[in-house]
Amino acid sequence: MSDSYHYEDGAIHHDHKKVLHIDKLQGADLQQLMRAFFKDDVEEAEVVEEVCQKRDTNVPEKLKTEEAKALMEDLVDAGILTKDWQPIGLSGSERALVAKAVCEHLKINELWQVFGKLWCEKPETLRSYLNKALEQKKSLKFQDKLKNILS
């Protein structure tokens, strides 16, 4: 992705969060669509090969325990997840950190499969997001936030 941005004369650029409602599209599907749609350079635009049409909205059994429900409520109160375990405006790195923290807290071993299926992301993609997160200093603040929520 290019670090320089080119705008037509008279164009105004605002660095703030915008909300886009597209029927029932949410979570990882919406983020994937947004990443492809808002690429600055058309030649570099990603082709969205797969938008999960059949999201598995069934919450995995491992996330239905009383302990998991209490944890989910804390994450909902913090504005991180919805009540159906979907991320709210999180980057890939942040999603991976949430999945890892939840699974560590609940002692779930197959974290990438559980959250990959729930969020309609490939497990290896989530794993790569975690590797990226662990290399970024800005992730430390989010990790601290998660630690405070989950403790």
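The values are calculated or read from the model by the stated rules, or taken from the named source; none is laboratory data. Owing to the predicted nature of the structure, the values given are computational and were not obtained by experimental measurement. For neighbour counting, all protein chains shown are included, and Cβ atoms are generated from backbone atoms with ideal geometry for every residue, glycine included.
Which number in (1) in contact with a helix residue (DSSP H, G or I) (Cβ under 9 Å, 6 or more places away or on another chain); (2) loosely packed, with under 14 Cβ neighbours inside 10 Å; (3) over 22 Å from residue 67 (Cα atoms) marks the one condition that residue 120 misses?
(2)
Sort through 97, 75 and tell me the only one that's surrounded by 17 or more Cβ atoms within 10 Å (Cβ to Cβ), over 12 Å from the mean Cα position of the chain (by Cα), at pLDDT 65 or above and under 24 Å from residue 136 (Cα atoms).
Being surrounded by 17 or more Cβ atoms within 10 Å (Cβ to Cβ), over 12 Å from the mean Cα position of the chain (by Cα), at pLDDT 65 or above and under 24 Å from residue 136 (Cα atoms) holds for just one of 97, 75, which is 75.
Filter the range 101-114 down to residues that are touching a Leu at 6+ places or on another chain (Cβ under 6 Å) and surrounded by 18 or more Cβ atoms within 10 Å (Cβ to Cβ) and give me whichever is farthest from residue 151 (Cα to Cα).
Filtering the range 101-114 for residues that are touching a Leu at 6+ places or on another chain (Cβ under 6 Å) and surrounded by 18 or more Cβ atoms within 10 Å (Cβ to Cβ), the one farthest from residue 151 (Cα to Cα) comes out as 112.
In the range 126-140, which residue that is modelled with pLDDT of 90 or more and either touching a Phe, Trp or Tyr at 6+ places or on another chain (Cβ under 9 Å) or small (Gly, Ala, Ser) (or both) is surrounded by the fewest Cβ atoms within 10 Å (Cβ to Cβ)?
The residue in question is 128.
Among the helices (runs of 4 or more DSSP H) contained in the range 68-151, which hold 1 or more residues that are under 21 Å from residue 58 (Cα atoms)?
The helices (runs of 4 or more DSSP H) meeting that bar are 92-106, 111-119, 123-135.
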